[in-house]
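Taking it in order: structure first as structure tokens, then the write-up.
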Amino acid sequence: MDMENIMPERYAPVLYCETISSTNTVLKEMAYNGAAAGTILTAAEQTGGRGRVGRRFESPKKGIYLSLLLRPETDAEFIQSLTPAAAVAVCRAVNAVCGIDAQIKWPNDLLLDGRKICGILTESSTDRAGHRYVVVGIGLNVNTAEEDFPQELRDTAGSLFTAIGRETEIKPMLLRMIDELDCMYASWEEDCFSQLEEYRRRCVTPLHEADVISAYERRRVFVLGVADDYSLLVRNGEGEMEKITFGEVSIRT
Ligand code: BTN
């Protein structure tokens, strides 16, 4: 697999390759073997893109698939806040390059016109030396057309192209995403919740009836808002308030 550093001026390498199994999987191997904090691995297409809860992430050419390696020194409990902060960073890049405002579906899907255009998978583990690392993997559908998605995703998946009706150049978008992610991480290191207000503004999940879906059950709730730690505040069927910290929440329309 040929990898080229496409941003030699950045503090850590941005490695690009044409085709890869999964940028998260390969960057995790590199992290295990001591790759530097800040290393980015990005590819034009993935043959085995991975999504949350063991799903596949469709990754045809026409998208941006990027993983960022971080080695945060904060307490483990704060690591989760990196994912919503990354969602905000991608929204900013989309706004800067395309002039449109993406919305966020809790916890970290980006939407345009109600269709998912971006997903984020954060994975953390320890390397060979016993140090913790985090890989934040982002898949953004850029020029993907409806027919590029498998049939079963065509009603729910979208891209920048399906939303704005014209193609976006991949390289400027990629570079802007990297800048926004670097900025986000610098402020995250100062304050893990520095992106919370923007996250709340962009998040469309509150004030809807929704189903909370776990491996064991599906429950109807009313979503009240996003809590101070990015978890979801809901009122359950018994009328009690609850905090949802992970899992799938499907808005009922
Ligand atoms: C989801 O929506 O379920 C998360 C999708 C995350 C996809 C990205 S693409 C880059 C990185 N490599 C992967 O295999 N997955 C993430």
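The values are calculated or read from the model by the stated rules, or taken from the named source; none is laboratory data. The shown structure was predicted, so the numbers you read here are calculated from the model rather than taken from an experiment. Cβ: placed from backbone, ideal geometry, glycine included. Neighbour counts: every protein chain shown. Accessible surface is based on the protein model in full, side chains and every heavy atom, while ligands, DNA and RNA are left aside. Shrake-Rupley method; radii C 1.70, N 1.55, O 1.52, S 1.80 Å.
Given a 1.4 Å probe and heavy atoms of the protein chains only, how would you sort 62, 171, largest accessible area at the top?
Largest to smallest exposure gives the sequence 171, 62.
State the percentage of accessible surface on the chain attributable to carbon and sulfur atoms; use a 1.4 Å probe and exclude ligands, DNA and RNA.
That fraction is 48 percent.
Given the C-alpha centroids of the range 22-100 and the range 111-143, what is the distance between them in whole angstrom?
Comparing the Cα centres of the range 22-100 and the range 111-143, I get a distance of 3 Å.
Divide the volume of the convex hull of the Cα atoms of the chain by its number of residues and quote the answer in cubic angstrom per residue.
130 Å³
Sorted by accessible area with a 1.4 angstrom probe, largest first, how do 110, 15 fall?
Of 110, 15, the descending order of accessible area is 15, 110.
Restrict the search to the range 216-253; then list the chymotrypsin sites (Phe, Trp or Tyr not before Pro) that DSSP places in a loop and that have at most 13 other Cβ atoms within 10 Å of their Cβ.
216, 246
With a 1.4 Å probe and every protein chain left in place, tell me how much accessible area residue 156 has, in Å² to the nearest 10.
Accessible area, nearest 10 Å²: 80 Å².
Which of these, 27, 160, 233, has the largest mean-square fluctuation under a Gaussian network model of the chain (Cα springs below 10 Å)?
233
Describe numerically, in nm with one decimal, the distance between label points set 7 Å from Cα along Cα→Cβ at residue 204 and at residue 246.
It works out to 2.6 nm between the two label points.
Can you compute the charge dipole magnitude of the range 66-204 about its Cα centre, using +1 on each Lys and Arg Cβ and -1 on each Asp and Glu Cβ, nothing else charged? Give it in debye, rounded to the nearest 20.
Around 140 debye, computed over the range 66-204.
How large is the direction-averaged shadow of the alpha-carbon convex hull of the range 132-253, in nm²?
10.5 nm²
Which shape class applies to the range 29-100: rounded if a/c is under 1.5, otherwise prolate when a/b exceeds b/c and oblate if not, where a ≥ b ≥ c are the square roots of the Cα gyration tensor eigenvalues?
In terms of gyration-tensor shape, oblate.
Work out Dmax and Rg for the range 136-192 from the C-alpha atoms and quote the Rg first, both in angstrom.
Cα only, the range 136-192: 14.7, 44 Å (Rg, Dmax).
Mind checking the full-extension length gain between residue 228 and residue 182? Use 0.36 nm per residue of separation minus the Cα-Cα distance, one decimal, nm.
14.3 nm
Run through every distinct alpha carbon pair of the range 1-141 and return the Kirkwood hydrodynamic radius in angstroms, one decimal place. Please report the intermediate quantities before stating the final value.
Values: mean 1/r = 0.0648 Å⁻¹.
Over the range 1-141, the inverse of the mean reciprocal pair distance is 15.4 Å.
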